Amino acid sequence: MSRLDTVAVGWGGLAASLGLMLGAGRDMPVRLAIAGASFFIGGFLAGVRADARRPLHGLAAGVTGYLIHAVFVGLARLIDAFGGPDAPALLPGTRNEWLVAAGWALAVALLGGILAGTWLRPAGQRRRNDPRRRGGRRGGTAARRLD
């Protein structure tokens, strides 16, 4: 069993956390759109960087994005305690809104990892009914023998 590539998960999580920081304090639809885009990119980047188990790397990047966001909110609270600007909320909105946003973001990160795995699958592992393989080795339908 191979381990998670921490570099892949870290970079993907960093990309995902940017969406959480950009979407903080905005209305729910805007926050969902920003989180969806950044978590998809983060999951995709983690999946592309990983050697195996790309969907799991995408999901792990999403979780890491939330951990990175929590660290930044903690630092902002520390700065706020010393007289700096107000810190953002760790869980913006109501609990239900946050759960919906977190579920959406993690699902989209997983989707990014799945897409990376689909695009980077070696040619011998594609399904038999894949339209890119129709016509055999000789090319498309024009090269088929008529019996």
Fill in: Tally of residues being part of a helix (DSSP H, G or I) and over 22 Å from MET28 (Cα atoms) across the range 77-99
5
Worksheet item: When you look at ARG126, is it closer than 26 Å to GLY58 by Cα, surrounded by 12 or more Cβ atoms within 10 Å (Cβ to Cβ), basic (Lys, Arg) and modelled with pLDDT under 90, yes or no?
Response: yes
Practice prompt. Check whether at least one residue in the range 66-79 is at pLDDT below 90 and either farther than 17 Å from ALA116 by Cα or surrounded by 12 or more Cβ atoms within 10 Å (Cβ to Cβ) (or both), and report yes or no.
Written response: no
Worksheet item: Are any residues in the range 19-36 under 15 Å from VAL108 (Cβ atoms), in contact (Cβ under 8 Å) with a residue 40 or more places away in the chain and out of contact with any His (no Cβ under 7 Å at 6 or more places or on another chain), and if so, which ones?
Response: GLY19, ARG31, LEU32, ALA35, GLY36
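The values are calculated or read from the model by the stated rules, or taken from the named source; none is laboratory data. Just so we're clear, the structure is a prediction, and the values are computed from it rather than from any experiment. Glycine also receives a Cβ, built like all others from the backbone with ideal geometry; neighbour counts cover every protein chain displayed.
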